[in-house]
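Taking it in order: structure first as structure tokens, then the write-up.
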Amino acid sequence: PVAVAVAALTVGGLGALGLHGHPHDPATKQDTAATPRIAFRPWELDLSASGTKAQGQPQCTDAPKKLFCVRPGVLAAAIDPDDGKVLWSRSDPGDVSAYATPAPVLSGGLLLVGGSNGRRLTALDPVTGSTRWSRDVSSYSGAVAHVAGVVLLSGSDSRVTALDAATGEEMWRHAIPGLAVPQFHTYGDGTAYAVAPPSGTGTRVTAVNPQTGAVKWQRRVEGTLDLVAARDGKAWFTSATVDQYTNAVLRYDVATRALRRTVLRIPQAQAQTVLRGDVAYLLGSDGSLVAVDTRTSKQLWRVETSVSKASAPVVSDHRLYLSAVDGRLIAVDTDRGTLLGQTRARLGDQRGSLVSLLPAPLPARDKIYATSPDGSLFAVDARDPSGW
């Protein structure tokens, strides 16, 4: 069973969720009776396995009418995004450690979660939480990707196994030319991308059709680069120095092979990058945040957030959000580079300890959902950061 405590507060803060569990544990259903909707009030939630002291922060995914979250000791939980009410939850007694599990993925009409320290991939019915299929993925060493309704598993034998996310059945299995053990990524365009380790002075990027495993294109781009986005026939990279300072953003046209490089005026330490349109936002580990237009190669603004080693930034509408290691949620105006507001700190009993996992905030429905080191999942109104 899973013990749940929910509180509606004027300031949000809340308890962590995790993903690990036995595929045959029945879902613990909560009262889902319809109630009249009222004006949104920030809320907080603590979700943990009964009789355990769960560790780690929640990892959540947004769906049209639900948030799906995971936490060590909890295989998965469905949460009402408007008031924080738990609709159903599944426990995972096999793991209550702080193992960093990925956020659940909605694919093929099912909710895919990786419980038991990532050793097993389980597909759940998103309405009831019941198991639809499950597979041991321990031999793939965490090389599991979800792209356009397909699960891609990369094996040490260089072969990739593709599963239908809706059924768990194998679709194809073979090696991808030029890739040893590919780590696939997707950027929402239905293509799987893999970057091979640099050879010489170049970086090889491969675009793969996840339905068939066929290579769409493969390019070698000069420099030691990290792929940060791909869409509409374009790919964006960052380049870094040997001491991990990001010094440029590159915009690459796949068809023409034209490469535009935007050099940063001041390199960013271990930058995390998010793209909106042609504008790249780079957040350094020291808290510096810079915006550059990759089409015109112009730096738009730079601001010091005073937040070191933050979560990855996310952009929604004209705002950028990030989470600090002390649990603060911070909003920045993407047009002007000004700080708009922040929530209070939420360290809990993690005060003085190193927080190794900081999930990025999740913007949706004029709200921002975020997690913090005290185990909190909380929701605040995105329209009024100054009132957080």
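Of note:
- Count - residues of the stretch 266-275 that are assigned to a strand (DSSP E or B) and touching a Leu at 6+ places or on another chain (Cβ under 6 Å): 3
- Boolean, Ala310 is under 26 Å from Thr246 (Cβ atoms), in a loop (DSSP other than H, G, I, E, B), under 19 Å from the mean Cα position of the chain (by Cα) and of a type outside the set (Ser, Thr, Tyr): yes
- For the stretch 190-225, taking the residues that are in contact (Cβ under 8 Å) with a residue 40 or more places away in the chain and loosely packed, with under 15 Cβ neighbours inside 10 Å, the one that is nearest to the chain's Cα centre (by Cα) is identified as Gly190.
- Any pair with Cβ under 7 angstrom, 6 or more apart, that starts in the stretch 236-249 at a residue that is touching a residue at least 40 places away in the same chain (Cβ under 8 Å) and ends at one that is of a type outside the set (S, T, N, Q) and not in a strand (DSSP E or B): Thr238/Ala271
- Filtered residues of the stretch 136-158 (kept if out of contact with any Lys or Arg (no Cβ under 8 Å at 6 or more places or on another chain) and not in a loop (DSSP other than H, G, I, E, B)): Ser139, Tyr140, Val144, Ala145, His146, Val147, Val150, Val151, Leu152, Leu153, Ser154
- Qualifying residue in the stretch 292-303 (condition: farther than 20 Å from Leu227 by Cβ and touching a residue at least 40 places away in the same chain (Cβ under 8 Å)): no
- Residues of the stretch 63-81 that are surrounded by fewer than 24 Cβ atoms within 10 Å (Cβ to Cβ) and either assigned to a strand (DSSP E or B) or over 18 Å from the mean Cα position of the chain (by Cα) (or both): Lys65, Asp80.
- Every condition in (1) under 17 Å from Val113 (Cβ atoms); (2) in contact (Cβ under 8 Å) with a residue 60 or more places away in the chain holds for Ala148 except the one numbered (1).
- Top-ranked residue of the stretch 292-330 - restricted to ones that are crowded, with 20+ Cβ neighbours inside 10 Å and polar (S, T, N, Q), ranked as nearest to Gln268 (Cα to Cα): Thr305
- Under the condition of being part of a strand (DSSP E or B), among the small types (Gly, Ala, Ser) and under 15 Å from Thr238 (Cα atoms), the residues counted in the stretch 276-307 number 2.
- Selection status of Tyr187, surrounded by 13 or more Cβ atoms within 10 Å (Cβ to Cβ), touching a residue at least 12 places away in the same chain (Cβ under 8 Å), of a type in the set (Phe, Trp, Tyr) and assigned to a loop (DSSP other than H, G, I, E, B): yes
- Once the stretch 33-70 is narrowed to residues that are within 25 Å of Trp133 (Cα to Cα) and polar (S, T, N, Q), the residue that is modelled with the lowest pLDDT is Ser48.
The values are calculated or read from the model by the stated rules, or taken from the named source; none is laboratory data. Everything numeric in this text was worked out from a predicted model, so none of it was measured. Here the Cβ is made from the backbone with ideal geometry for all residues, glycine too, and neighbour counts use every protein chain on show.
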